[in-house]
Amino acid sequence: MKKQFIKAATAFCGVALTFNTISIASAQAGSSVSVSNSLTPSEPIIVTANRAPTLANNVLADYDYIGPEEIAQAGQSSLTQLLQRQRGVEITSGNGAGGTGASVFLRGASNGQSIVLIDGIRSDSGFNGGPTWESIPLPLIDHIEIIFGPQSSLYGSDAIGGVVQIFTKDGSGPAKVSASTGYGTYGTSVSEASIYGATEGEQKIRYSLGVSQTLSTGYNTIASNNPFGLSAMKTGYVQDAVTGKLSQEWSKGQVFGAQFMQSRLNNQVPGFNSGDFTNNPGYSDCSFNTAGPCGAPGPQQAQSYVNQMGTYSLFSQNQITGIWKSLLQASLSNNSGQNIQDATAYSPAYSPITKTKQNIYTWQNDIAIGTDLLQILVERRTQNVDLNQINYFTSGLPEAFSQTRNTNSAAASYQLKRGANLANISIRNDSITGYGPQTTGGASYGYFFTKEWRANINYGTGFRAPSFNDLYYPGYGNPNLQPEKSKNTEVGLHYDTNAYDVHLVGYNNTTNNLIQFANVNCPESLVFGCASNVAVAKISGVSIGLGARLGDFSLKGSFDQQSPINQTTDQVLAKRARTFGNASVEYNRNRFIAGLGGTFSGQRQDISGTDTNSGNAYNGLMGGYSIFNLYSSYEFEPNWTVFARWNNMLNKQYQLTYGYNTPGSNVFAGLRYAMK
């Protein structure tokens, strides 16, 4: 498979070079549906915070930015591992080396309480709620914006913790090609190739196309303290992905285009045939029945979990008048997962599948009023889920369901700038099938004491509609659930110069109607419990970010102190640390780059329970950790670069999900060609 990819990439680059020889050129054109272009890494243009390009210094929401340079140095890292190195972000490990089911927490909010946009298109699992991070290919990403705090008044349901927007390459200027390949520990190889550019003349055509493949034989993801009957097993994965954009400015200020991303991940996951839990007469789950015999329900398998993710859109961006810009976009986002289980002596082969799809139609209008901006938006989102899964809670048999819901939305916002004063106000109404109208709002104010010093205060509300899993999963779902609702207040102090930047943010976020498994407020048929609105979560904390650019050296650091409390139980929310942070130093001189980075976290509490093997209780406590990474690159010829990365240099053994290993010390090296 790898040889086939290299051949395809070679042919792809040959076509790109041919494209380049016909002297394609262009001038700079207006931004497309969701494109931002950085002025400098320290002062980028941020799109996501206001749904419009905004200088970073004028963004009132708390944010972080990951530029192309940092992504290029990521090597063998996954997207979640890259996010782990950012301020305000925590992650959990998924199942298998490919990370199926990995989660990202923005300032303590759960995975389902955040939104991911890929080039302006919402991508998530309508079934489980929240993004499927493992399906997003890091090699095809150009840059990333992370916006913290409730953004429901701009983006609707689920944006309680924030929004992460992922941008792929946008075409501009003469045709360029890039390609890279590398190999490292665990038999990991990462290869990618892309072409991007624009034609010249008044009716510019912008284009970009990229392909990537990641392969790994993997490592043992099962820790010695795994409480679910699993034993050590090495599992690998393969991911193939493609992304593309094509647009034409058919008249000045009038752009029509299309864009897409498609990814397929085949990840091996240690597990058992689901039927063995009930079909094996000699099995007793010691987490429920300590009389035994304890042990695995059947032979352990390296099961394939196949996840496919796609985003597609058509858009028309039109300058209606000198002050009125319109964006009309029709998007399709899908996400499917299939768990392929082999037959055993007790049970036949079984391949449960979940398919989710959403169609989104958006009309956004930006109207300039002097230096201010009025934004008016209407949107319709249709979500559909088809599922065939075993009902573990009551019947123990496969059951299927298909559900659809619609959301009709209208929103407005106003961005004001008067001298040293900045202000934003926004309001949105989402009418969701079964819930009626949900109204959210936000207001923020900022003041420049000097050109370098700015303070701000923000208030916002958010909500999260229950996922289809919460509502309808056989034996667990509760159709009577209400949306989670949040209120967030934060203050910030910021200092920005060419040499230094300092960001200090204090926040308090309270979420009511938190959905958890419980034995209250359940339908009569669910005697063992169900999804229920039983909890209140309060997350308060301080987030500090520091940066310095001193000659050939760049320094970056962050520190987060938070109190993520389930106020119903007075316990720390699962898998959150009270303290975590990052620090890095980079040396960049001529064509040589070298950097050292570290990530630390305090202890975290996972869900406790009873070990299925021994019948003994386990507390789910995961110790703190510090890991260090080293990277380097050298451009030995124009456009040609060799690079290397060493992750977890000290081979720290730590867990992000109780009972599951994370990668040990691993190295990666490769070669990149990138036209400039």
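The values are calculated or read from the model by the stated rules, or taken from the named source; none is laboratory data. Please read all numbers here as calculations on a predicted model, not as lab measurements. Cβ placement follows ideal geometry from the backbone for every residue including glycine, while neighbour counts extend to all protein chains displayed. When the accessible area is computed, the model is the full protein with side chains, heavy atoms only, and any ligands, DNA or RNA have been set aside. Shrake-Rupley method; radii C 1.70, N 1.55, O 1.52, S 1.80 Å.
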Of the criteria (1) more than 24 Å from Thr221 (Cα to Cα); (2) without any contact (Cβ under 8 Å) to a residue 60 or more places away in the chain; (3) assigned to a loop (DSSP other than H, G, I, E, B), which one Ile607 fails: (1)
All positions within the range 543-553 that are in a strand (DSSP E or B) and open to solvent by 20 Å² or more (accessible area, probe 1.4 Å): Ile544, Leu546, Arg549, Leu550, Phe553
Selection count, the range 476-491, where residues are farther than 30 Å from Tyr445 by Cα and crowded, with 19+ Cβ neighbours inside 10 Å: 4
Hits in the range 478-517 - residues which are under 30 Å from Ser554 (Cα atoms), assigned to a strand (DSSP E or B) and hydroxyl-bearing (Ser, Thr, Tyr): Tyr495, Tyr500, Tyr507
Failed criterion for Gly129 (all others in (1) within 14 Å of the chain's Cα centre (by Cα); (2) buried (at least 24 other Cβ atoms within 10 Å of the Cβ) hold): (2)
Condition met for Pro297 (at pLDDT below 90, in contact with a helix residue (DSSP H, G or I) (Cβ under 6 Å, 6 or more places away or on another chain) and at negative phi): yes
Count of the range 601-616 residues which are at pLDDT 85 or above and either small (Gly, Ala, Ser) or open to solvent by 70 Å² or more (accessible area, probe 1.4 Å) (or both): 7
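To keep it simple, each residue is scored yes or no on (1) open to solvent by 30 Å² or more (accessible area, probe 1.4 Å); (2) touching a Gly at 6+ places or on another chain (Cβ under 9 Å); (3) among the small types (Gly, Ala, Ser); (4) more than 30 Å from Tyr183 (Cβ to Cβ).
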position: Tyr618; (1), (2), (3), (4): yes, yes, no, yes
position: Leu621; (1), (2), (3), (4): yes, no, no, yes
position: Ile627; (1), (2), (3), (4): no, yes, no, no
position: Pro638; (1), (2), (3), (4): yes, no, no, no
position: Asn651; (1), (2), (3), (4): yes, yes, no, no
position: Tyr673; (1), (2), (3), (4): yes, no, no, no
Among the candidates Thr362, Thr371, Thr404, residue that is within 30 Å of Leu60 (Cα to Cα) and open to solvent by 50 Å² or more (accessible area, probe 1.4 Å): Thr371
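Condition check ((1) over 19 Å from Thr100 (Cα atoms); (2) in a strand (DSSP E or B); (3) in contact with a helix residue (DSSP H, G or I) (Cβ under 6 Å, 6 or more places away or on another chain)) across all residues:
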site	(1), (2), (3)
Ser216	no, yes, yes
Asn225	yes, no, no
Leu230	no, no, no
Asp240	no, yes, no
Thr243	yes, yes, yes
Leu246	yes, yes, no
Gln259	yes, yes, no
Ser263	no, yes, yes
Ser274	no, no, no
Any hit, the range 442-456, residues being closer than 28 Å to Ser431 by Cβ, surrounded by fewer than 19 Cβ atoms within 10 Å (Cβ to Cβ) and among the hydroxyl-bearing types (Ser, Thr, Tyr): no
Residues located in the range 181-210, provided they are small (Gly, Ala, Ser) and touching a helix residue (DSSP H, G or I) at 6+ places or on another chain (Cβ under 8 Å): Ser189, Ser191, Ala193, Ser194, Gly197, Gly210
Residues of the range 554-578 satisfying the condition of being part of a strand (DSSP E or B) and touching an Asp or Glu at 6+ places or on another chain (Cβ under 7 Å): Ser554, Ala577
Pairs with Cβ under 6 Å, 6+ apart, first in the range 493-505 and of a type in the set (Lys, Arg), second crowded, with 19+ Cβ neighbours inside 10 Å: none
Any chance Arg464 is closer than 25 Å to Ile353 by Cα, surrounded by 15 or more Cβ atoms within 10 Å (Cβ to Cβ) and among the basic types (Lys, Arg): yes
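Give the residue that is most open to solvent (accessible area, probe 1.4 Å), with candidates limited to residues of the range 518-542 that are of a type in the set (Gly, Ala, Ser) and part of a loop (DSSP other than H, G, I, E, B). Spell out the reasoning first.
Residues of the range 518-542 that are of a type in the set (Gly, Ala, Ser), as a first pass: 518, 525, 529, 531-532, 535, 537, 540-541.
Cutting the leftovers down to part of a loop (DSSP other than H, G, I, E, B) gives us 525, 529.
Numbers: Ser525: 87, Gly529: 2 Å².
Result: Ser525.
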Leading residue by the ranking (farthest from the chain's Cα centre (by Cα)) among those in the range 67-82 that are of a type in the set (A, V, I, L, M, F, W, C) and surrounded by fewer than 24 Cβ atoms within 10 Å (Cβ to Cβ): Ala72
Index of the failed condition, Ala644 passing every other in (1) in contact (Cβ under 8 Å) with a residue 24 or more places away in the chain; (2) over 12 Å from Gly75 (Cβ atoms); (3) open to solvent by 40 Å² or more (accessible area, probe 1.4 Å); (4) among the small types (Gly, Ala, Ser): (2)
Answer residue from the range 407-432, given it is among the basic types (Lys, Arg) and open to solvent by 30 Å² or more (accessible area, probe 1.4 Å) and is farthest from Lys357 (Cα to Cα) among those: Arg418
Residues satisfying the stated conditions in the range 35-55, i.e. modelled with pLDDT of 90 or more, under 21 Å from the mean Cα position of the chain (by Cα), under 22 Å from Ala420 (Cα atoms) and open to solvent by less than 30 Å² (accessible area, probe 1.4 Å): Ile46, Val47, Ala49, Asn50, Ala52
Among the residues listed as Gly282, Gly298, Gly322, Gly271, the single one being farther than 30 Å from Gly257 by Cα and either open to solvent by 60 Å² or more (accessible area, probe 1.4 Å) or in contact (Cβ under 8 Å) with a residue 60 or more places away in the chain (or both): Gly271
Matching residues, the range 180-202, being among the β-branched types (Val, Ile, Thr), more than 15 Å from Leu671 (Cα to Cα) and either open to solvent by 50 Å² or more (accessible area, probe 1.4 Å) or assigned to a strand (DSSP E or B) (or both): Ile195
Some residue of the range 385-404 being aliphatic (A, V, I, L, M) and modelled with pLDDT of 95 or more: no
Flag if Ile91 is among the β-branched types (Val, Ile, Thr) and over 26 Å from Gln562 (Cβ atoms): no
